[in-house]
Amino acid sequence: MTPEQIFTVIAALLSGTPDPDFDRLRAGGFDDRYPVTVEACELPPGTLEVEGRTVLCGTVSVPENYASPEGRRVPLEFAIMKARTQSPAPNPLVYLHGGPGGGTLQALGPVGDLLFSNHRQTRDIVTFDQRAAALSSRTVACFKGMAEHIVELIGVTVKKLDKSALNQMIVPCIEEIKATDADLSAYNTVNNAHDVRALVSALGYPVYNIYGISYGTKLALEVLRTEPEGVRSVVIDGVAPPQVYLYDDLVGPYADTIDALVAQCDAQEECRTAYPELGSTINAAFIRLLESPIPAARGRPEIGFLSLFELIFKDRNNWRDQRDITRWLPRIIAELAQGRSDTFDMLQSSVPPDRVKVLSESKGLTEDERALIRVSLEAAEAMGDLEQAVAAAIERLKRDLGDNREVTSIAEAFENRSTQAALAITDDDARAALLRDYALLQTMVPGRGPLIDWVMAHFDGADRNALLQLIAAMTDADIDRTFDIARGQVNKYEAVLGGVINQAIYACQEDVPYNSLEGFKARVGELAQRYPFLRAFGGETSFYKTCESFEKHPRPGFQSPVISDVPVLAFNGLRDIQTSWRWGAVAVETLPNGRNYVVPEAGHGAIAYQQCPNDISVAFVNDPTAELDTSCIDGITVKFVMPDEPAP
């Protein structure tokens, strides 16, 4: 949080008027073929944002099938985050999210403040939920099927829900979607690329830059192939090029991550000597834990196969919970292969090391240097506290400058009262019916009638009377707000099933049968020759089971390498287990102006893990043809911990 950002948001709050730069969008946009409707953002976009002034949300209407532009339409939910400068570059950065079917608008804060904060100093950031993704998925939504399973979906995630049960839900959902006249074959990466071009045209950006992560890299490359007009530069991060058999090679990135760890250790003489044949030791540790887990003791749970698997892979792929794990891995692995858990237990401690203490007591420092480190780190922590105070003050200013509406509207009062009444229902079948019908409200035209019917069907006595009185007092705006609340409440549960379906719409229709169950099993068998523990993936076939519910729509040439002269910058995280660090090089082979970099200590989406690729990408987008200073990548090194080195 910089002084400039604070001044900007306060000035926007005090101005009291919408930003005139958005007037054309409020009037319908810049391209009549793709009308714009400005709407409130689905979720509050962040402390440093003021809707209508620093950020604008809405929809762009595009054809479901571009070959039939007069036919069914798809509303794409978008957001523009204005540059934090008075003289922004005319070409924005368009962020293409992953998945497919992932979405981004429900995480505008991290997108604007974490991923692309540096880019936003010079240009607007534009992002949108792609067709069949998150807020843009209502044209392929399974409302009735989801409502029938609402009790099963509440409070669970896909990982917790039995996958066979999930697959049983998918078949009727696909039939429900087809019955709405949705053309599922139109939900693909090629039409997504058309959508990108339609979006920037509607928003008034004739020239633009792209930053794609994960599936967004495949989409970015497809834009270069099918809709290159106006594309000035492209950054692909966590690269999934179309010519890679992604679903056949789901296990490949795990093996490549292990290869990288072994190579890093072997490159350091001290590590190579202390942990010889690290690859074999890794196999030995996994096999030992699979056959003889370390029992629950020491005040800690059992350590088994999954414990080591998650330590090596999962922690390194979660940028929200980064820990300094890599340098400890050879030591942990060597100990576990011997049946010991000293270092593993230390790192799994719920109390993180005191950063000030650990760094200030590092070896080889003078007393003056130790004092300087302590002062610097304590000042940094104090600044963090100060930022929290500033954020709280801005939020209070937003509330104080609000429109003085009631703290609790009639719509919110109705939601609170109905929730309290629902919690008092003890019969499981009655509660399930209530929740199902509540979920189905989103399929109806907002009005008093559906609300009255819902109340009469599921409540009685004082609860019924109170709710009917609230409905009677509602204005049209209150009714609309009540239905919006219902949709928002249901969406988070719908996402469990909808997320799987939305991803499968793309993957099953256009990647299968290019990828196949036979290809997947063959690849697992090949990788298991080096790392036998990877055979544990051999039974992971739920993706192909899901795909049995879909018709296949492979497109000739879709898996061919993309050829383009547009400047492209590729990043790959060395610890990425979703897309291999080797795949960026594959993508740039046919891109004459492509550059590829592998970033140590980064997982999926290197920009989220390290400041270095963030800085490089800003320099690249500012001048896509200039030489880049990438020396910071070489500075990201891992000094592995030796067996006799004391733990902090």
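The values are calculated or read from the model by the stated rules, or taken from the named source; none is laboratory data. Remember, it's a predicted structure, so these values are computed and weren't measured experimentally. Cβ sites come from the backbone with ideal geometry, for glycine too, and all protein chains shown count toward neighbours. These area figures cover heavy atoms from the full protein model, side chains too; ligands, DNA and RNA do not enter into them. Shrake-Rupley method; radii C 1.70, N 1.55, O 1.52, S 1.80 Å.
Below, the figures for the structure above:
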quantity	calculated
Lys/Arg +1, Asp/Glu -1 at C-beta; segment 74-137 dipole; positive extreme among S117, H97, A134	S117
Nearest-10 value in Å² for the accessible area of D342, using the 1.4 Å probe	100 Å²
Convex hull volume per residue for segment 419-511, taking Cα atoms only, in Å³	113 Å³
Spin-label zone in segment 547-588 - amide nitrogen under 19 Å from a point set 7 Å from the Cα of A67 along the C-beta vector	551-559
Inter-site label distance for S185 and K144 at 7 Å from Cα along Cβ, in nm	2.5 nm
Net charge dipole size for segment 470-518 [Lys, Arg +1 and Asp, Glu -1 on Cβ; Debye, nearest 20]	180 debye
Mean projected area in nm² (Cα convex hull; one quarter of hull surface) for segment 482-615	12.4 nm²
Gained length - N465 relative to A522, 0.36 nm times residue gap less alpha-carbon distance	14.1 nm
Extension gain, D32 back to T85 (0.36 nm per residue minus Cα-Cα distance, nm)	16.1 nm
Rotationally averaged projected area of segment 229-339 (alpha carbon convex hull; nm²)	10.6 nm²
For segment 158-284, fraction of C-alpha pairs farther apart than 25 Å, in %	56 percent
Size of charge dipole - segment 182-319 - debye, nearest 20, with Cβ of Lys, Arg +1 and Asp, Glu -1, no other charges	320 debye
Calculated from backbone phi, Karplus (6.51, -1.76, 1.60) coupling profile of segment 574-582 in Hz, x at Gly/Pro	5, 10, 6, 9, 9, 10, 5, 5, 7
Dipole magnitude (debye, nearest 20) for segment 492-648, charges at Cβ of Lys, Arg, Asp, Glu	560 debye
For segment 489-547 versus segment 454-484, the gap between their alpha-carbon centres in whole angstrom	44 Å
